[in-house]
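For reference, the structure discussed in these notes is given below.
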Amino acid sequence: MKISLMKKLALGFIIAVLGSIILASVISNYTVGNKFKEYLVDEHKTKIDNAVKIIDDLYSGQKEVSLINSDEIQRYAQLQELYIEIKDMDSNTIYSSGKAHLQNRNMMGNMMGSMMHNFSGINMGEYTENKYPLITDNKESGTIIIGYFGTSYLSSASISFISTLNHSFMVSAVIALIFGFIISIILSKQISKPLAKITETANKMRYGDLNVRATVNTNTKEIDELSNSINYLAETLNSQEMLRKRLTSDMAHELRTPLTTLKTHVEAFIDGIWEPTTERFETFNEEIERLTKMVDNLRDLAKLEQSNISLNKSKINISIELEKIIDTFKPLYIKENYELISTITPEITAIMDKDKFKQIINNLLSNSYKYLNPNGKVEVILREKNQNIIIKVSDNGIGIPEKDMTYIFERFYRSDLSRNKNTGGSGIGLTITKAFVEAHGGKIYLESKINDGTTVTVEFPNVLSF
Ligand code: ADP
């Protein structure tokens, strides 16, 4: 059974409050009761001692016991609710206070006693009689019998003290319950309200609205984090969705161009408008190659995403390898009247996957080449800094708009500027390059400004530990 947060909190509070009040009252009843009992027993003992002392004093120095004024003993017996009897050495009763003054008290005591017994542990209903020697002038001259009901030493003040204590416990339990209930409602509202808002946002996202954001006003750290995470998720899903849509239209566009060319050519052949010449077949071949390249790229990417990149490492002279790759690009640049210069620190070696290294540099140089303007210029720099290898490829090409910078390493992402250039790119090159660089423990970053150019920096860390 699912229970709402509000009910759960309220229930928890009530149980906690009730539990602590019951515990506190049981503990304090027990300790106060015990202390009270000790006090009462002490008090009672003093009372009896006093009675014995008064009687001893009265009888001391008296030759004739009948001459004793027993009023004082009677008063004391009544005041202290004691039964006092004095016997001589022959067991003849020479004084008795009588028990009449104990009776009323006894009835009341029984009633209260059963009430109080539970928590004080004092048995108040029993009648007890004790004997003490009557000492007159340092010699035993009789017996004092003192009797009392248990209740007699439990004064009504003490009964009311303990019952007041319990009463105050009950009152505070009720007040604490009301307070606890109010606080639990306020607290649960503070927690459940933003949670409900976040749930609402998540539900909207579930039904496709990725532009919603959870705006919660809370000072609860965890809820704030949850709301930020949900918003981040929405942001990510939104950009992924945007990329997916873009990819579909890009792919359709990229595939349609070569297919349309092929289709119109084949139709012209069928209708007999065109003779199938070698040049025309060459155009066919070019289009088919473009399609094949795209499919190859897609396959590379799928491989990259399915498994960890396996590196076939060996010690390579980066300076020489880089020089060689630049040389292969030179004819292309010369043909377009572009400039390709390099500043390479010699004899930099590293343990790397040679093929992957070549692919990284090839991708960067072909990108620069593709996006150059007339009189374009590309510069490649290789240097070592704190045992890190740094390779920079800078061009003065078309640049990348600010808004595209965050997505540029995403698969199939292409800036609108590059699309206009019709270079036949597929937006996969940089994704693969980044994956290869990171597989070597390296970093890649890109700085760019529209019409100013782009600089891509690749940094391989502590080369000797590869
Ligand atoms: P593509 O095959 O489209 O070049 P990439 O993944 O290599 O794919 O690059 C992704 C996008 O990044 C390109 O379409 C282009 O918009 C942008 N880009 C990459 N390098 C450069 C550069 N040197 N100058 C301008 N734009 C670039």
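The values are calculated or read from the model by the stated rules, or taken from the named source; none is laboratory data. These numbers come from a predicted model, not from an experiment. Note: ideal-geometry Cβ built from the backbone for every residue, glycine included; neighbour counts use all protein chains shown. Surface areas here come from the heavy atoms of the whole protein model, side chains and all, with no ligands, DNA or RNA. Shrake-Rupley method; radii C 1.70, N 1.55, O 1.52, S 1.80 Å.
Within the option set 191, 182, 198, 186, being exposed (fewer than 12 other Cβ atoms within 10 Å of the Cβ) and not aromatic (Phe, Trp, Tyr) holds for one residue only, 186. Test residue 255 against the criterion of being within 26 Å of the chain's Cα centre (by Cα) and either touching a residue at least 24 places away in the same chain (Cβ under 8 Å) or surrounded by 14 or more Cβ atoms within 10 Å (Cβ to Cβ) (or both), and give yes or no. Taking the combined requirement at face value, the residue does not satisfy it. Going through (1) part of a helix (DSSP H, G or I); (2) surrounded by 12 or more Cβ atoms within 10 Å (Cβ to Cβ) one by one, residue 35 falls short only on (2). Candidates 10, 24, 16: the one that is of a type in the set (A, V, I, L, M, F, W, C), under 30 Å from residue 196 (Cβ atoms) and open to solvent by 40 Å² or more (accessible area, probe 1.4 Å) is 16.
Number of residues in segment 212-237 that are touching a helix residue (DSSP H, G or I) at 6+ places or on another chain (Cβ under 9 Å) and part of a helix (DSSP H, G or I): the value is 9.
Yes or no, residue by residue, for (1) modelled with pLDDT of 80 or more; (2) more than 37 Å from the chain's Cα centre (by Cα); (3) exposed (fewer than 11 other Cβ atoms within 10 Å of the Cβ):
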| position | (1), (2), (3) |
| --- | --- |
| 209 | yes, no, no |
| 234 | yes, no, no |
| 237 | yes, no, no |
| 268 | yes, yes, no |
| 282 | yes, yes, yes |
| 310 | yes, yes, yes |
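Each residue in segment 294-310 was checked for being part of a helix (DSSP H, G or I) and free of Cβ contacts under 8 Å to residues at least 24 places away in the same chain, and 7 of them qualify.
Checked against (1) open to solvent by 10 Å² or more (accessible area, probe 1.4 Å); (2) more than 7 Å from the ligand (Cβ to nearest atom); (3) on the phi < 0 side of the Ramachandran plot; (4) at pLDDT 80 or above, residue 441 passes all but a single condition, namely (3).
Taken together, 340, 291, 322, 298 contain a single residue that is open to solvent by 40 Å² or more (accessible area, probe 1.4 Å) and closer than 24 Å to residue 366 by Cβ, which is 298. With respect to the conditions (1) assigned to a strand (DSSP E or B); (2) within 16 Å of the ligand (Cβ to nearest atom); (3) of a type in the set (S, T, N, Q), residue 373 lacks only one, and its number is (1). For segment 376-406, which positions are more than 9 Å from the ligand (Cβ to nearest atom) and in a helix (DSSP H, G or I)? Of everything in segment 376-406, those that are more than 9 Å from the ligand (Cβ to nearest atom) and in a helix (DSSP H, G or I) turn out to be 402, 403, 405, 406.
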